[in-house]
Amino acid sequence: MKAGFCLFCLAALLMLTNINSVLYAADKLSAQEEKKIRSLISKMSLEEKAGLLHGNSKFYVEAVPRLGIPELALSDGPHGVRAEINRDNWNYAGWTNDSSTYFPTGTALAASWNPDLARLRGEVLGEEARFRGKDILLGPGVNIIRSPLCGRNFEYMSEDPYLTAQMTTAYIRGLQSRDVAACVKHYLANNQETDRGSVDVYMSDRALHEIYLPAFKAAVQEAGTYSIMTAYNKFRGLWCAEHPYLLDSLMRQELGFDGIFVSDWNGTHSTLASAKAGLDLEMGTDKPYSEYYFAQPLIDAVRKGELPESLVDRKVAGILSLMMKLKIFDPAKRFEGSFNTPEHQQATYRSAAESIVLLKNDKGVLPLDATKIKSLAVIGDNATRKQSFGGQSSEIKALYEVTPLEGLKNRAKGRFEIRFAQGYEKSQRPSNRPDWALIDEAAALAAQCDAAVVMAGLNHDYDTESRDKPDMALPYGQLELIRAVVKANPNTVVVIIAGSAVDMAGFNYRVPGLLWAWYNGMEGGNALADVLLGEVNPSGKMPFSLPFCLDQSNAHALGEFPGRNRKVDYFDDIFVGYRWFDTYGIAPLYPFGHGLSYTQFEYSESRADKEEWGMNEKLRLSLVLSNTGRFDGAEVVQLYVSDPESELPRPQKELKAFQKVFLKAGESRELVFELPISDLAYYNDIKREWQLEPGTIKCLLGSSSRDIRREISIKVK
Ligand code: BGC
């Protein structure tokens, strides 16, 4: 009797352990869903299980029709649903119904500093993905911008982990609200494209926790992302796709991730190591798909006893749980989706309009006065270039794309004459040779017109996946072009269309007006024209610092880029972007968070509720923001903290909160910032914990990281 009881207990215990070890998120599924998953797994052959753990084509995972498990469909990418690709090669399938809505790219989104727009984008992308029958959208891309040269900076968001995390969280919430899984990427340290498939990245624990991890952590803990894409590179000697620390200890055990790990395309390197570390889905391989790591070799490993089948079950349960969360087994309840609606297009316009950054506006050269100018010279290849279909995996077959020149023509409505000159020609990269005939023609045109706008910058030959930029220079002789145009007509505005920093020191002081307009989505041209003509008051702020020159920036001055012998040390540590510039007293050309407006904002009456705060309390600060100028407009109030008394050195300031506030001309509003005191902590990598010592902390409220308007000192007990 006694023995019988014990055996029963043991059996019950085993069953319990089994359930929990099979389901990552056992507590988040209903009892019925859990039962269904267990029942499906119990009916599946090992071959069928392995079928769910690898692609059976470029972007699909095998169905199990006899059990009612449909094919799982994945699609790029962060700023639109990519056109359909052939199942077995990278060519486009040539469909005629897959031209989608095209959003401003990642850095543009971050430049809006408006998480509501990130949420809206997520919703729209979710609706379009659903319409196109996609289950997992491969985005957002959240790697930190460490060097101006990284080819994929345009897809990512910012040099700052807090700003990135805020946009990431909102984006994922929006997307997943439409029953489409986010696949936040690329985990971890894919901060360069040079040797991305082999480079080994070394960074301190502090840099990991304070800079490179927070966006992924927020994706998991704040937004509940259903999946994460592992990076191509190595991290501290091991491939990211088979990294027990990154995948299991840190992400699953410590941060509580209960979704699935998807490999980057063809970025798996092993069966046993990857399976044991925690990779769930191998994607991106070529034909024959059955030969890849998570196909026949996985089956063989189980049969040979090298891998427990329970581990395979656990991964299968992860895939099935994701399908449950997306209501794939309950299609009547699933979001239906829509495609290219006017609302979707309007969402891209709003995002574009709020992302444009006014870097400089001397003598009120902007906005252009349509009642005064009779003729406008529009110069540069980017005036007419469509940017959507470029940059590789994030490229979009856009339903339409309004170029800057078209936007200006749309909005000028015949009120003034618009004349175009090519100025420079896009040629093979790298190319810095000026075309003097085109420059002379452009300068002559500028001289004849009342004002000139040079649409300069880069294109996706430079801002692209797979390779980094050779340098920060503006290619194709644009420096010579800009100088010639501004000499011919001092009323010249330069618009930079690019997704990452370029060298502007050679012309910045000569031009009175400078705007940054990104790869700004299908409505980008209209939004830009509205800003140029004052219909929209610019409210974007730079999501990364703009250095004078490359050597000024952290990765190049202090760290390594792109490393040596396929190894890169992040000696720049936590001093990335403005954390580096400000701590070491280096003045960039334009700082992080900078962006002007056609109106002026005044900061006043800033205060904290009290002087001393306990570690477990919520800090509460307030200030009054007033629009004292003549235009309605929006300001991004940025809250940085400075902790000069910490045990370990900290950056001179760190962004901890921000608010984007729209005020009518003459309007004032009280803003309240509330955040847990614990948010002010730093990661002590000697003690391996977040830490904040009692003492004085300065709270800096400003219009940019270098335009601090109010300072409030608080004491932490
Ligand atoms: C990229 C991923 C992308 C995947 C599928 C890879 O080369 O790194 O970001 O989602 O391809 O296109």
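Go through the stretch 112-134 and count every residue that is open to solvent by 10 Å² or more (accessible area, probe 1.4 Å) and touching a helix residue (DSSP H, G or I) at 6+ places or on another chain (Cβ under 8 Å).
Looking only at that region, the number is 7.
Do we find a residue being within 16 Å of the ligand (Cβ to nearest atom), open to solvent by 20 Å² or more (accessible area, probe 1.4 Å) and in contact with a strand residue (DSSP E or B) (Cβ under 8 Å, 6 or more places away or on another chain) anywhere in the stretch 264-277?
Yes.
Take the stretch 146-163 and flag every residue that is crowded, with 24+ Cβ neighbours inside 10 Å and either more than 16 Å from the ligand (Cβ to nearest atom) or not assigned by TED's automatic domain parsing to the domain that holds Met203 (or both).
Those that are crowded, with 24+ Cβ neighbours inside 10 Å and either more than 16 Å from the ligand (Cβ to nearest atom) or not assigned by TED's automatic domain parsing to the domain that holds Met203 (or both): Arg146, Ser147, Pro148, Leu149, Ser158, Glu159, Asp160, Pro161, Leu163.
Of all residues in the stretch 634-670, count the ones that are touching a Phe, Trp or Tyr at 6+ places or on another chain (Cβ under 9 Å), open to solvent by 30 Å² or more (accessible area, probe 1.4 Å) and hydrophobic (A, V, I, L, M, F, W, C).
Selection size over the stretch 634-670: 1.
If I ask for residues that are closer than 15 Å to Met323 by Cα and at pLDDT below 60, which ones from the stretch 25-51 would you list?
Ala25, Ala26
Here is a yes/no grid of residues against (1) more than 23 Å from Gly141 (Cβ to Cβ); (2) touching a Phe, Trp or Tyr at 6+ places or on another chain (Cβ under 8 Å); (3) within 16 Å of the ligand (Cβ to nearest atom):
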residue	(1), (2), (3)
Val402	yes, no, no
Phe420	yes, no, no
Gly423	yes, no, no
Arg433	yes, yes, no
Ala451	yes, no, no
Pro475	yes, yes, no
Asn489	yes, no, no
Ala501	no, yes, no
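In the stretch 80-111, what residues are small (Gly, Ala, Ser), away from the ligand (no atom under 16 Å from the Cβ) and open to solvent by 10 Å² or more (accessible area, probe 1.4 Å)?
Within the stretch 80-111, Gly94, Ser99 meet the criteria.
So is Asn56 open to solvent by 10 Å² or more (accessible area, probe 1.4 Å), touching a residue at least 12 places away in the same chain (Cβ under 8 Å), over 22 Å from Gly278 (Cα atoms) and in the same structural domain as Tyr289 (by TED's automatic domain parsing) or not?
no
Taking the condition of a type outside the set (Phe, Trp, Tyr), in the same structural domain as Ile136 (by TED's automatic domain parsing) and within 16 Å of the ligand (Cβ to nearest atom), does Leu298 pass?
Answer is no for this residue.
Could you grab me the full set of residues in the stretch 292-305 that are in a loop (DSSP other than H, G, I, E, B) and surrounded by fewer than 14 Cβ atoms within 10 Å (Cβ to Cβ)?
Lys304, Gly305
Out of Lys287, Lys315, which single residue is modelled with pLDDT of 95 or more and either assigned to a helix (DSSP H, G or I) or more than 16 Å from the ligand (Cβ to nearest atom) (or both)?
Lys315
Which residue out of Lys386, Lys409 is assigned to a loop (DSSP other than H, G, I, E, B), open to solvent by 80 Å² or more (accessible area, probe 1.4 Å) and at pLDDT 95 or above?
Testing whether each residue is assigned to a loop (DSSP other than H, G, I, E, B), open to solvent by 80 Å² or more (accessible area, probe 1.4 Å) and at pLDDT 95 or above leaves just Lys386.
Mind checking which residues of the stretch 235-256 are crowded, with 16+ Cβ neighbours inside 10 Å, within 15 Å of Ala273 (Cα to Cα) and more than 15 Å from the ligand (Cβ to nearest atom)?
The answer is Phe235, Leu238, Glu242, His243, Leu246, Leu247, Asp248.
Which one of Ser394, Ser321, Ser338 is outside the structural domain of Gly524 (by TED's automatic domain parsing) and either open to solvent by 20 Å² or more (accessible area, probe 1.4 Å) or within 16 Å of the ligand (Cβ to nearest atom) (or both)?
Just a single option satisfies the conditions, and that option is Ser338.
With the requirement that a residue be over 22 Å from Leu405 (Cβ atoms) and open to solvent by 60 Å² or more (accessible area, probe 1.4 Å), what does the stretch 430-470 give you?
Of everything in the stretch 430-470, those that are over 22 Å from Leu405 (Cβ atoms) and open to solvent by 60 Å² or more (accessible area, probe 1.4 Å) turn out to be Pro430, Asn432, Arg433, Trp436, Arg467, Pro470.
Out of all the residues in the stretch 510-525, is one or more modelled with pLDDT of 95 or more and over 30 Å from Ser351 (Cβ atoms)?
Yes; the residues of the stretch 510-525 include at least one that is modelled with pLDDT of 95 or more and over 30 Å from Ser351 (Cβ atoms).
Within the stretch 245-285, how many residues turn out to be without any contact (Cβ under 8 Å) to a residue 60 or more places away in the chain, farther than 30 Å from Trp690 by Cβ and not hydrophobic (A, V, I, L, M, F, W, C)?
Looking only at that region, the number is 7.
Residues in the stretch 346-367 that are hydroxyl-bearing (Ser, Thr, Tyr) and either open to solvent by 30 Å² or more (accessible area, probe 1.4 Å) or not in a helix (DSSP H, G or I) (or both): how many?
Counting residues in the stretch 346-367 that are hydroxyl-bearing (Ser, Thr, Tyr) and either open to solvent by 30 Å² or more (accessible area, probe 1.4 Å) or not in a helix (DSSP H, G or I) (or both) gives 1.
For the stretch 164-188, name all the residues that are over 23 Å from Pro651 (Cα atoms) and within 16 Å of the ligand (Cβ to nearest atom).
Passing the criteria: Thr168, Tyr171, Ile172, Leu175, Val180, Ala181, Ala182, Cys183, Val184, Lys185, His186, Tyr187.
Every residue, every condition in (1) open to solvent by less than 20 Å² (accessible area, probe 1.4 Å); (2) in the same structural domain as Gly457 (by TED's automatic domain parsing); (3) free of Cβ contacts under 8 Å to residues at least 12 places away in the same chain, yes or no:
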position	(1), (2), (3)
Asn537	no, yes, no
Phe571	no, no, no
His594	no, no, no
Glu612	no, no, no
Asn627	yes, no, no
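Return yes or no: is Tyr584 open to solvent by 50 Å² or more (accessible area, probe 1.4 Å), in contact with a Leu (Cβ under 9 Å, 6 or more places away or on another chain), modelled with pLDDT of 95 or more and more than 25 Å from Arg152 (Cα to Cα)?
yes
Scan the stretch 171-210 for residues that are in a helix (DSSP H, G or I), more than 26 Å from Arg688 (Cβ to Cβ) and open to solvent by 10 Å² or more (accessible area, probe 1.4 Å) and jot them down.
Arg173, Gln176
Among the numbered criteria (1) surrounded by 21 or more Cβ atoms within 10 Å (Cβ to Cβ); (2) within 16 Å of the ligand (Cβ to nearest atom); (3) among the small types (Gly, Ala, Ser), which single criterion is violated by Gly513?
With (1) surrounded by 21 or more Cβ atoms within 10 Å (Cβ to Cβ); (2) within 16 Å of the ligand (Cβ to nearest atom); (3) among the small types (Gly, Ala, Ser) applied to Gly513, the lone miss is (2).
The values are calculated or read from the model by the stated rules, or taken from the named source; none is laboratory data. On a predicted model such as this, the values are computed, not experimentally measured, just so you know. Backbone-built Cβ (ideal geometry, glycine too); neighbour counts: all protein chains shown. What goes into the accessible areas is simple: the full protein's heavy atoms, side chains included, and nothing from ligands, DNA or RNA. Shrake-Rupley method; radii C 1.70, N 1.55, O 1.52, S 1.80 Å.
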